[in-house]
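Have a look at the structure below before the remarks.
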Amino acid sequence: MIPQTTASLDRPNKPNAVMGSQAEAILERMNIHYDTALEREMAPLYTRVQSVIPPIEWPFFAPYIKAINQLKREKNAVILAHNYQTPEIFHCIADVVGDSLQLAREAAKTKGDIIIQCGVHFMAETSKLLNPDKKVLIPDMKAGCSLAESINGADVRALREAHPNVPIVTYVNTSAEVKAESDICCTSSNAVAIVNAMAAEFGTDEVLCIPDEFLAKNIAKETNIKIIAWKGRCEVHERFTAAELQQYRADDPGLVIIAHPECAPDVVAEANFSGSTSSMIKWVQDNQPTRVLMVTECSMSDNVAVENPHVQFVRPCNLCPHMKQISLPKILEALVYECEEIFVDEKVAKPARRAVERMIALA
Ligand code: 13P
Ligand code: SF4
């Protein structure tokens, strides 16, 4: 359950049904329209993204991009965007892009007064934990995550009681309440190192690795530590099957497959490489495969394609409905009204911050 914030209730005169028209009214007030002058001004940017944004969509996006970039400078706001955001966000307005760990690190060092998190709620909450004095906004408070929804603080307390003296390593895809009950956080890019470090620190050969069941099983294959898992799943990655990947390979023997570790272990076993979203991007940049299937959220292939024009992307398009709640009109509204603000009670924030900071220090 995503906590409701005071700020979202205070949202000025902004019922969901008229959200599009609110954003259009802002553009009207700023006198930004798609005309020949704007078309010319934005042409270099469009040239960069034209392989993934159809020409019919650009006249809609361009005025929002112009307005957001202008307001961002005026308000000293910084836009952090996850690798799963759509290309017009990822390539045209984001100041920082990356995987969960990179975004958490950048959030910890940002100089902006306002952070706009283009991603899901737990990411914005992590930014707030690391920047308690800054205004952290998420363009849509409903952008959740099936992993974060799978567990709450009481579940973690029960696990601790059932497994005393076993360290609890919690994936960042969780609420602050869950992080607060944990010994440390991890992301997909540092999970194995964190599990090994915690086992050594606690002097144990068992570690609780929650809440992603598949990530836990994939970590277990890379360590001698006994991993105790929870039953959470990413609703995007759990949809991929080993049989589907075998079929892709049978149809195209030259195809390279790279998979995110939130996929089931038999899916990861079919892949040539597995890693966090940023490791997958780096793998493509470094290896320049002729044809690649990125077994992860669908927008990422578009984002990577822009910078790797010689690589062909095979796309079974599994979209994350939560990531896709974020759009240019909602980002513009968040910037203008400074609404959809994230608050975390300091009683929860303090231990949750410790778990995230410990991870950043260790990673
Ligand atoms: P990473 O970007 O850290 O690999 O996480 C993937 C993901 O599913 C985030 O929601
Ligand atoms: Fe959560 Fe999966 Fe969506 Fe990432 S892709 S936000 S893990 S549901």
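The values are calculated or read from the model by the stated rules, or taken from the named source; none is laboratory data. Computed from a predicted model, the values in this text were never measured in an experiment. Cβ: placed from backbone, ideal geometry, glycine included. Neighbour counts: every protein chain shown.
Okay, here's what the table says:
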item: Tabulated pairs, the stretch 262-285, first in contact (Cβ under 8 Å) with a residue 12 or more places away in the chain and more than 16 Å from S301 (Cβ to Cβ), second of a type in the set (K, R) and away from ligand 1 (no atom under 12 Å from the Cβ), C-beta under 7 angstrom, 6+ apart or interchain; result: P265/K217; P265/K221
item: Residues located in the stretch 64-102, provided they are within 19 Å of L319 (Cβ to Cβ), in a helix (DSSP H, G or I) and of a type in the set (D, E); result: E88
item: Candidates A352, A305 - the one that is buried (at least 17 other Cβ atoms within 10 Å of the Cβ), within 16 Å of Q85 (Cα to Cα) and of a type in the set (A, V, I, L, M, F, W, C); result: A305
item: Any helices (runs of 4 or more DSSP H) falling wholly within the stretch 121-199 and containing at least 1 residues that are closer than 19 Å to K217 by Cβ; result: 146-149, 153-162
item: Condition met for R239 (within 15 Å of ligand 2 (Cβ to nearest atom), at pLDDT 95 or above and surrounded by fewer than 19 Cβ atoms within 10 Å (Cβ to Cβ)); result: yes
item: Enumeration of residues in the stretch 246-284 that are within 13 Å of ligand 1 (Cβ to nearest atom) and of a type in the set (S, T, Y); result: S274, S276, T277, S278, S279
item: Qualifying residue in the stretch 58-70 (condition: closer than 17 Å to D302 by Cα and either within 16 Å of ligand 1 (Cβ to nearest atom) or in contact (Cβ under 8 Å) with a residue 60 or more places away in the chain (or both)); result: yes
item: Selected residue (only one of L245, L215 is assigned to a helix (DSSP H, G or I), at pLDDT 95 or above and within 14 Å of ligand 2 (Cβ to nearest atom)); result: L215
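Each row is one residue, and each column tells you yes or no for (1) within 25 Å of T277 (Cβ to Cβ); (2) at pLDDT below 95; (3) within 16 Å of ligand 2 (Cβ to nearest atom).
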site	(1), (2), (3)
K142	yes, no, yes
H163	no, no, no
Y171	yes, no, yes
I184	yes, no, no
V192	yes, no, no
W230	yes, no, yes
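Here's the yes/no breakdown for (1) surrounded by 15 or more Cβ atoms within 10 Å (Cβ to Cβ); (2) over 29 Å from L137 (Cβ atoms):
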site: F273; (1), (2): yes, yes
site: D286; (1), (2): no, yes
site: V292; (1), (2): yes, yes
site: S301; (1), (2): yes, no
site: V311; (1), (2): yes, yes
site: K330; (1), (2): yes, no
site: E333; (1), (2): yes, no
